[in-house]
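Only one structure is covered here, and it is reproduced in the block below.
The values are calculated or read from the model by the stated rules, or taken from the named source; none is laboratory data. Being a predicted model, the structure only gives us computed values, none of them experimental. Backbone-built Cβ (ideal geometry, glycine too); neighbour counts: all protein chains shown. SASA here: full protein model, heavy atoms, side chains in, ligands and nucleic acids out. Shrake-Rupley method; radii C 1.70, N 1.55, O 1.52, S 1.80 Å.
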Amino acid sequence: MSQTPTTTSAGVHWDLAPLFPDDDAARAAVPALSESAGAFRERYRGRVATLEAPELAVALDELAVLDNSLSRLASYAGLRLTVNINGEAERDLNAAVEMALVEVQNLLRFFELEWIGAEEEHVQRILASELVAQNRHYLASARRFAPHTRSEAEEEMLGERDPAAAGAWHTLFDQVTSTLRVPFEGQDRTIDEVMARVRGPVRETRLAAYEALFTALEPHTGVLAHVYDSLVADRLVLDRVRGYSHPREPRDLDNEIPSAAVDVLLAAVERHHRLAHRWFRHKARLLGLDKLALGDQYAPLGSTRPVSYADATAIVSGALDDFSPRIGAVAHQLYRDNRIDAEPRQGKRGGAFCASIAQDALPYIMLNFTDQMDDVRTLAHEIGHAMQFQLAGERQTALSHHPPLALAEVPSTFAEMIVTDRLLAAADDTQVRLGLLASSVETAFATVFRQTHMVRYEQGAYGLRAEGKALLPERLGEIWLATNRPYYGDAVELPEGYRFGWAYIPHFIHTRFYTYAYVFAHLASLALSAKYREDGDAFVGPYLDFLSIGGAASPQEQLAGIGLDITRDDCWDAGFAEIERLIEMAEAIEPSA
Ligand SMILES: [Zn+2]
């Protein structure tokens, strides 16, 4: 293994003692947890569907206590492993906690199932009671799959066939894509290693990376298409069995977003392809090219400068303090309590995340801080998550504090934008400004446009399969090109091999229509940014209220409360105007000599 370079984040490690003093204490919590879960089951099993509000409220409180203990334990074990993935003690602890987790979850599963099966009239009476007000959304939304849930015996049979009918295909896909080696620059590389090269400064390398990837994929496209074809065929059958009216409906229901509102979102994205063309043409000019090739879309622009960890923390909390001292306090508290692990080191996992821990605990942040400008934005991003976790934790119960997927990336992206504005204002070097703007525009593109094309590709594939046509590689290639072409327009030259661009994307295999939740969140945070620019300080109070809802309302209700009506065609226009503003600012910068 290579030596990790020293960074200014050296020694910045988190202190997990507030969660558990040590591993032994965490292990010791397991038997008590299983016992409490068993006792809960004894008390309520077979009665949930008929409990009256006072007793149900007590049961929900008990469930919340169990949920918090469970989350705290799983988070502690997970965080321990994150910074020492090969550690024996850490792996043993995780194995023990995982077993306990499965056991406890199995013991508690009856509660939701019985509630889902309760009579509608009884449910409405319960939901009207103030005694369950704090968990009303949890109770109501748990029932949204009820019309698509079959009898207990049927569900059991469907569950039993899952490993062979779905799991085996997932495994085959993962095996093919993870063992696939791409010959590149004299070495056999993984797909990820080659894709990292398309962000490099040398054009020949970037273009060659795509060529190498597509050439290596081609011989496997038959198998990869067959995997997808089998899964799509099976999902279409299950959709019929469960009474879904279209293949995206289970995901829409999961995300708690009305299907019509998802359609509005996707159509809005497609109405704004001109922004992409405009940026691609400008980027070609900056790179001195007549026209961009696919391999130029992530070519670096402008320049960057190193930022120390101390400066980064000051920049982020400073920008957040200016937004709202209440929000800034979340950052200061994170620094002060040592709830951030920033130093990259051997045995530590890559990437970054914010762990919510539990409703009655404060969040933790994991980073791999390497003194780059991008690391500052990552810090802002994760603190954005922490703001929501902390505020929702204070206001909501353990059963309703966790934000839904479609909103989870709103506070993180929004915090990133506030801090980027700060960095832009402070950058006296125009090339550093260009670097920041280009990165903001291209992140928005990769999230908003590209994730939308993936949804359209999936819709195309399910549509074709529903007509009885097998999903052969050539057909998937045609759908892929047809859904991507409008985005690149005539502003980007696509290589011949791009028709295999669908082949290695895991979401299509593992979680269908997964990607639009990210489009939703990114556009929502752009729209909120625009609103903040317009309303100034008047925006702050409603925004903090929004953060503190957590999972206690649907995305539609939450955004309506802060002025975004997701059913309206023009709802997302403000988000695109914000992207256009960034493009204009970048266009105003003279190319460097
Ligand atoms: Zn995030």
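At a glance:
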| quantity | calculated |
| --- | --- |
| Residue ranges of helices (runs of 4 or more DSSP H) in the stretch 158-221 with at least 3 members closer than 25 Å to residue 283 by Cα | 191-196, 203-217 |
| Some residue of the stretch 66-80 being surrounded by fewer than 16 Cβ atoms within 10 Å (Cβ to Cβ) and not acidic (Asp, Glu) | no |
| Flag for residue 373 being within 25 Å of residue 579 (Cβ to Cβ) and either in contact with a Phe, Trp or Tyr (Cβ under 9 Å, 6 or more places away or on another chain) or touching a residue at least 40 places away in the same chain (Cβ under 8 Å) (or both) | yes |
| Selected residue (criterion: surrounded by the most Cβ atoms within 10 Å (Cβ to Cβ)) from residues of the stretch 105-142 that are of a type in the set (Ser, Thr, Tyr) and part of a helix (DSSP H, G or I) | 138 |
| Considering residues of the stretch 375-411 that are β-branched (Val, Ile, Thr) and more than 14 Å from the ligand (Cβ to nearest atom) only, the residue most open to solvent (accessible area, probe 1.4 Å) | 397 |
| Any hit, the stretch 463-470, residues being modelled with pLDDT of 95 or more and open to solvent by less than 20 Å² (accessible area, probe 1.4 Å) | no |
| Total residues in the stretch 476-521, condition surrounded by fewer than 21 Cβ atoms within 10 Å (Cβ to Cβ), basic (Lys, Arg) and within 23 Å of residue 274 (Cα to Cα) | 1 |
| Scope the stretch 479-508; condition closer than 14 Å to residue 221 by Cβ and over 28 Å from the mean Cα position of the chain (by Cα); matching residues | 496, 497 |
| Selection within the stretch 192-219 - free of Cβ contacts under 8 Å to residues at least 24 places away in the same chain and surrounded by fewer than 19 Cβ atoms within 10 Å (Cβ to Cβ) | 192, 193, 195, 196, 202, 204, 205, 219 |
| Residue that is most open to solvent (accessible area, probe 1.4 Å), among those in the stretch 81-101 that are in contact with an Asp or Glu (Cβ under 9 Å, 6 or more places away or on another chain) and within 18 Å of residue 355 (Cβ to Cβ) | 84 |
| Hey, residue 443 within 16 Å of the ligand (Cβ to nearest atom), assigned to a helix (DSSP H, G or I) and either of a type outside the set (Ser, Thr, Tyr) or surrounded by fewer than 18 Cβ atoms within 10 Å (Cβ to Cβ) (or both) or not | yes |
| Positions within the stretch 415-436 being among the hydrophobic types (A, V, I, L, M, F, W, C) and within 11 Å of the ligand (Cβ to nearest atom), in sequence order | 415 |
| Any hit, the stretch 61-84, residues being in a loop (DSSP other than H, G, I, E, B) and over 30 Å from residue 131 (Cα atoms) | yes |
| Within the stretch 328-357, considering residues that are more than 14 Å from the ligand (Cβ to nearest atom) and at positive phi, the one most open to solvent (accessible area, probe 1.4 Å) | 338 |
| Complete set of residues in the stretch 303-325 that are modelled with pLDDT of 95 or more, farther than 13 Å from residue 415 by Cα and small (Gly, Ala, Ser) | 308, 310, 312, 314 |
